[in-house]
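All remarks here apply to the structure that follows.
The numbers here are math on the coordinates, done by the rules we state, and not lab data. Only a predicted model underlies this, so the values are computations on that prediction, with no experimental measurement involved. Glycine gets a Cβ as well: all are built from the backbone with ideal geometry, and neighbour counts include every protein chain shown.
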Amino acid sequence: MAAPEALVSALADAERLHLFARICTAPDGWPADGDRHTAKLAQRLVAAGLVTLTGGRYRAVPEAFREALAKAPADPLEALFSHGRLVGIPRSPQRRRALLEHLAERFEPGRLYTERDVREKLSMVHDDHATLRRYLVDEGLLQRSNDGGAYGRPAEARAAG
């Protein structure tokens with residue numbers, strides 16, 4: 001069962017979308033004896049679960065959309081990331097707190113980190129590492145030394161509330 005994102009991605013190319021439309025409108029399926037380029041386009045549609053190849057013909061799988069939407073909702077944090085990078089910092093306090101708790105796991109409790117260490121870890125996720133660091137400190141998920149040169153994750157972060 002494909003994720004909705006995979007279906008959209010497979011149809012995001014104009015040529016694949018056009019081929020998918022031709023396959024959908026062909027009552028007996030679309031012949032698979034086309035050129036290499038068409039076969040390559042169709043291969044992506046097959047991989048996404050939108051099309052099957054049986055008996056030398058491509059056939060649409062319309063239930064792929066229903067199944068993708070019926071899938072249990074993914075981890076809400078997954079929607080905040082694209083290719084391992086944070087797309088944006090949530091405005092909702094609850095979602096932001098969940099994100100910050102997730103990011104805090106990158107830091108070992110009881111270990112001290114320099115400001116550079118914290119910047120490097122957070123820069124891997126988002127360009128605005130300073131805002132993330134400030135939120136982590138404000139939420140008590142990271143503690144900053146009085147001189148601002150060292151950071152640490154408390155042994156027990158305060159409970160969400």
### Query
Dipole magnitude of the chain about its Cα centre, charges +1 at Lys/Arg Cβ and -1 at Asp/Glu Cβ only, in debye to the nearest 20?
100
#### Entry: Sparsely packed GluC sites (Glu not before Pro) within region 1-66, loop by DSSP, other Cβ within 10 Å at most 10
none
### Task
Find out how many positive minus negative residues lie around Thr131, taking Lys and Arg as positive, Asp and Glu as negative, among other residues whose Cβ is under 11 Å from that of Thr131.
0
### Task
Show that you can apply the helix-only estimate: for the chain, add -39,500 (n - 2.57) for every DSSP H stretch of four or more residues, divide by all residues, and state [θ] at 222 nm to the nearest 500.
-13500 deg cm²/dmol
#### Entry: Formal net charge of residues neighbouring Thr114 (Cβ-Cβ distance under 13 Å; K, R +1; D, E -1)
+2
### Query
For Leu53 and Arg95, what does the FRET efficiency come to when R0 = 35 Å and r is the distance between their Cβ atoms, rounded to the nearest 0.05?
0.25
### Message
How long are the semi-axes of the equivalent ellipsoid of region 53-161, taking √(5λ) for every eigenvalue λ of the Cα gyration tensor, in whole Å from largest down?
### Response
40, 15, 12
